[in-house]
Every structure is written in structure tokens, then in C-alpha cells.
1. Mind giving me the nanometre distance, one decimal, between the label points for R85 and A110, set 7 Å out from Cα along Cα→Cβ?
2. Report the chymotrypsin sites (Phe, Trp or Tyr not before Pro) located in the range 75-113 that are in a DSSP loop and have at most 14 other Cβ atoms inside 10 Å of their Cβ, or state none.
3. Shape call for the chain from the C-alpha gyration tensor, a ≥ b ≥ c root eigenvalues: rounded (a/c under 1.5), prolate (a/b greater than b/c) or oblate?
4. Nearest 20 debye, what's the magnitude of the dipole of the range 13-100 about its Cα centre given +1 on Lys and Arg Cβ and -1 on Asp and Glu Cβ?
5. Nearest 0.05, what FRET efficiency do I68 and F7 give at R0 = 30 Å with Cβ-Cβ as r?
6. Given the DSSP H assignment, sum -39500 (n - 2.57) over each helix run of at least 4 residues in the chain and divide by its residue total; what's the result at 222 nm in deg cm²/dmol, nearest 500?
7. So between Q61 and R16, what do we pick up on full extension, going 0.36 nm a residue minus the alpha carbon distance?
Amino acid sequence: MEVSISFGPVTILLVREDINGNTFPESVEQAEKVLNKGYVNLELDLHRVNDRSNSGLVALQIIVGRSIARGGNVVLCGVTRYVARILEIAGFTHWLTIFPDMPVAQASFAQGK
């Protein structure tokens, strides 16, 4: 699974491919490595993700849960219309914040959202 990581007060994980049954373990593992370094506020940039399988939803739930357990938060940005619809149908939009782009998502952490 290809992910670019930019470390900082809000660590950005740019996901470069779909999260599915094949990439699920690696996506969770990469996020866990970031969290273990103490970077608990994560912004997942999903503008290159075109599909979200059940495994992708589980991975997202695990990553968010582990971040929150460490006192952090996870937000999404750049979500495609299709993926946004899947997240809505699955009920994720009730507990997960989605922003249109990276700057807005990063600013949300400064505002305490």
C-alpha cells in the first residue's frame, strides 16, 4: 500500500490507492507506526482513493479508534463523491469529520474540532 506521510502537529497520510482486503493489514500497520511515534492527530487525504471496500471501512474504524485511544483525532479530506456516499451509507459520517481539502482539515485541529 502506497502512503506518503508528512509528520507534524497534524500528520498527513496521503493514501495513494484503494484500501481493500489486500492492502488492509498494511494500511493499519502504517498508521500504527505513526501513532506509536506519538503523532496522534491524523489527516487522511483520500483524494486518490476511488473505492472503499468493507475491509477499508474496518481499517478506517481501527485507525480512528487507536488514535482516539491515544488522545488524538482523525479527519478525512479530499474524499471522492463515491467514497463519501459509501461512508454515509455505512454511518461513518455520524462520527467522522470530512473536510473538502487539506488546509481546511488542518485548520480544524487548531479550532479544536
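Laboratory data are not the source of any read-out in this text; all were calculated from the coordinates shown. Note that the structure is a prediction, hence the values are computed from the model and not measured. Note that we place each Cβ from the backbone using ideal geometry, even for glycine, and neighbour counts take in every protein chain shown.
1. 3.5
2. Numbers: sites: Y82, F92, W95, F109; in loops: W95.
Answer in residue order: W95.
3. On the way: a/c = 1.44, a/b = 1.15, b/c = 1.25.
It comes out rounded by the Cα gyration axes.
4. Values: 9 positive and 9 negative charges, 32 e Å.
About 160 debye.
5. On the way: r = 19 Å, r/R0 = 0.65.
Efficiency, from the Cβ-Cβ distance: 0.95.
6. Values: 4 runs with 47 residues, N = 113.
The helix contribution divided over the chain gives -13000 deg cm²/dmol.
7. Numbers: separation 45, 0.36 × 45 = 16.20 nm, distance 1.87 nm.
Extending this stretch completely gives an extra 14.3 nm.
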